[in-house]
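Novice: The structure is given below, and queries will be raised subsequently.
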Amino acid sequence: MPLDTRMIGVAYNIPPQPPVEANTEWFDAGAVTIGVEYRALDPDSLYETYKDNPDQLREMLEKSPDGGFTDQGVSLHVKSTADGHEYLRFDVFDGEPHYHYVHNNPAEIINHVVGFDTAAHGDDMMDFAIDCIRNRMPSMLPKATGAHVVAQLDSNLINQVMDKVEALARRAQADSRAAHALIK
């Protein structure tokens, strides 16, 4: 299937920062495995991720805002169970929520990042992300070169797993917001 070049957002030639396994709970949903992670993104952790690849480090630094990327929130990871590649990621961040199409092409890294548009999708990115994983994954995976996974998806199993994913993601989000309210 040819790549759809009409996508909105920003394409990076660096992979997204990998999930921190100690902070991620994974749920087997058959053809896909879905992860829930609470992420705290900061310039130091990004530097550590890319420091061993000068080209990726340079691109990350060039595209970083003044002071670097700093944000936090729940990330929902969607990876193929068979090959372990993360094709979709939803970063339900407090500052700049967004989602990723992570192409699986060894010859060229394409990490397509799309900002969450509240005018188009509503005020709650968590609702949007949960709905995308439950209902839109078959149309989203091909945009990340994951078309081969679509035929293997079991929507009943995904919905069962998403009940657990949603509960954990919302709890992590609420706990974080409550902790920040105490600090302020």
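Novice: Strands (runs of 3 or more DSSP E) wholly in region 15-99 with at least 2 residues that are of a type in the set (Lys, Arg), at positive phi and touching a Leu at 6+ places or on another chain (Cβ under 7 Å) - which ones?
Specialist: Result: empty, no element qualifies.
Novice: Those residues that are assigned to a helix (DSSP H, G or I) and free of Cβ contacts under 8 Å to residues at least 24 places away in the same chain, I need them from region 139-159; list them, please.
Specialist: SER139, HIS148, VAL150, SER155, ASN156
Novice: Take the conditions over 17 Å from the mean Cα position of the chain (by Cα), at pLDDT below 95, farther than 17 Å from VAL78 by Cβ and not in a loop (DSSP other than H, G, I, E, B) and apply them to LEU3. Does it pass?
Specialist: Details: over 17 Å from the mean Cα position of the chain (by Cα): yes; at pLDDT below 95: yes; farther than 17 Å from VAL78 by Cβ: yes; not in a loop (DSSP other than H, G, I, E, B): no.
Criteria not met by LEU3.
Novice: Quick check on my filter: what residues within region 136-154 are of a type in the set (S, T, N, Q) and either at pLDDT below 95 or surrounded by 14 or more Cβ atoms within 10 Å (Cβ to Cβ) (or both)?
Specialist: THR145
Every residue, every condition in (1) of a type in the set (A, V, I, L, M, F, W, C); (2) modelled with pLDDT under 95; (3) surrounded by 11 or more Cβ atoms within 10 Å (Cβ to Cβ), yes or no:
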site	(1), (2), (3)
ILE14	yes, yes, yes
ASN23	no, yes, yes
VAL32	yes, no, yes
GLY35	no, no, yes
LEU61	yes, yes, yes
THR70	no, yes, yes
LEU76	yes, no, yes
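Novice: Let me ask something else. Going by what's in this entry, would ASN53 be described as over 24 Å from LEU153 (Cα atoms) and surrounded by fewer than 20 Cβ atoms within 10 Å (Cβ to Cβ)?
Specialist: yes
Novice: Give the residues of region 109-138 that are touching a residue at least 60 places away in the same chain (Cβ under 8 Å) and of a type in the set (S, T, N, Q), sorted by residue number.
Specialist: Correct list: ASN111 only.
Novice: Further, regarding this structure: Restricting the search to region 104-126, which residues are surrounded by 14 or more Cβ atoms within 10 Å (Cβ to Cβ) and more than 21 Å from LEU41 (Cβ to Cβ)?
Specialist: If the condition is that a residue be surrounded by 14 or more Cβ atoms within 10 Å (Cβ to Cβ) and more than 21 Å from LEU41 (Cβ to Cβ), then ASN104, HIS121 are the ones that fit.
Novice: Name the single residue that is farthest from GLY73 (Cα to Cα) among those in region 108-138 being in contact with a His (Cβ under 8 Å, 6 or more places away or on another chain) and in a loop (DSSP other than H, G, I, E, B).
Specialist: That would be ILE109.
Novice: From the list ALA167, ALA179, pick out the single residue that is in a helix (DSSP H, G or I) and modelled with pLDDT under 95.
Specialist: ALA179
The values are calculated or read from the model by the stated rules, or taken from the named source; none is laboratory data. Bear in mind that the values here come from a model prediction, so they are computed numbers and not experimental data. Every residue, glycine as well, gets a Cβ built from its backbone with ideal geometry; the counts of neighbours run over all protein chains shown.
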